[in-house]
Amino acid sequence: MDGISKEQAIVFIDGNNLYKGLRDCYGIERLDLEPFCKYLIQDRQLAGIIYADANFIRRLGSNNYDCQQRYFSHIRKIQKLTFCKGYFNVRTRPPTEKLADVALASYMVDLCHREMFDIAYLVSGDNDLSPAVDIVVREGKRVFNVYFDTTKRNSYGLRRHCQGYFKNITQTIAKKFEWIPPVK
């Protein structure tokens, strides 16, 4: 390298939100995260991937649960990935995911204050993450919202907080980085 340091980037992924978006928009369930994240950040340095998700409820569908667990096992092997585990509250109808988005927001703000990144890529359409984005932007960082630009699943509310920085997950991109579970 020529002595010029690269910008540090962290990719923050709302796993359940991404899963639902991929499924609803393109009939795809999962992305191969490491090459997808490297594609997102382009020539920046990947400082980390923060992935937040909750286990599916096995009794509501063991096939979905088992596939999800194979995926989790796959992504936990990524060297720079931090896995934030949420849970589903089974007392609500339907069960609702808890803790994952709060963990994602907390990591984003904490790592921002510790100067661990220059640019955040937030893969989510959840507008509940807007307060965390506002803090990170106020601290002088850029936040790219990465999500679908469709009427089915979009992040138009969240994008406003990212000051116009966004990348779309198109069907072509989703197909290119689709994760296919290995055959047992």
Considering every residue within segment 100-113, establish whether at least one is modelled with pLDDT of 95 or more, surrounded by 20 or more Cβ atoms within 10 Å (Cβ to Cβ) and over 14 Å from the mean Cα position of the chain (by Cα). yes
For segment 114-140, what are the residues that are touching a strand residue (DSSP E or B) at 6+ places or on another chain (Cβ under 6 Å), closer than 22 Å to LEU46 by Cβ and of a type in the set (Asp, Glu)? ASP118
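Please find, among LEU31, LEU81, the residue that is touching a residue at least 60 places away in the same chain (Cβ under 8 Å) and in contact with a Phe, Trp or Tyr (Cβ under 7 Å, 6 or more places away or on another chain).
LEU31
Considering only residues that are of a type outside the set (A, V, I, L, M, F, W, C) and either touching a helix residue (DSSP H, G or I) at 6+ places or on another chain (Cβ under 9 Å) or in contact (Cβ under 8 Å) with a residue 12 or more places away in the chain (or both), which ones fall in segment 17-26?
ASN17, TYR19, LYS20, GLY21, ASP24, TYR26
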Unique match (being within 15 Å of VAL11 (Cβ to Cβ), acidic (Asp, Glu) and either in contact with a Gly (Cβ under 6 Å, 6 or more places away or on another chain) or part of a strand (DSSP E or B) (or both)) among ASP53, ASP43: ASP53
In segment 79-99, the residues that are in contact with an Asp or Glu (Cβ under 9 Å, 6 or more places away or on another chain), under 27 Å from VAL137 (Cβ atoms) and surrounded by 15 or more Cβ atoms within 10 Å (Cβ to Cβ): LEU81, PHE83, CYS84, GLY86, GLU97
In segment 92-107, what residues are of a type in the set (Val, Ile, Thr) and either closer than 13 Å to LEU122 by Cβ or part of a loop (DSSP other than H, G, I, E, B) (or both)? THR92
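Only one of these is touching a Leu at 6+ places or on another chain (Cβ under 6 Å) and either modelled with pLDDT of 95 or more or hydroxyl-bearing (Ser, Thr, Tyr) (or both): TYR121, TYR147. Name it.
TYR121
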Does segment 6-23 hold any residues that are surrounded by 24 or more Cβ atoms within 10 Å (Cβ to Cβ) and charged (D, E, K, R), and which are they? ASP14
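Is it the case that segment 64-75 has a residue that's over 19 Å from PHE144 (Cα atoms), assigned to a helix (DSSP H, G or I) and in contact with a strand residue (DSSP E or B) (Cβ under 7 Å, 6 or more places away or on another chain)?
yes
The values are calculated or read from the model by the stated rules, or taken from the named source; none is laboratory data. This is a predicted model, so every value here is computed, not measured. Neighbour counts run over all protein chains shown; Cβ positions are idealised from the backbone, glycine included.
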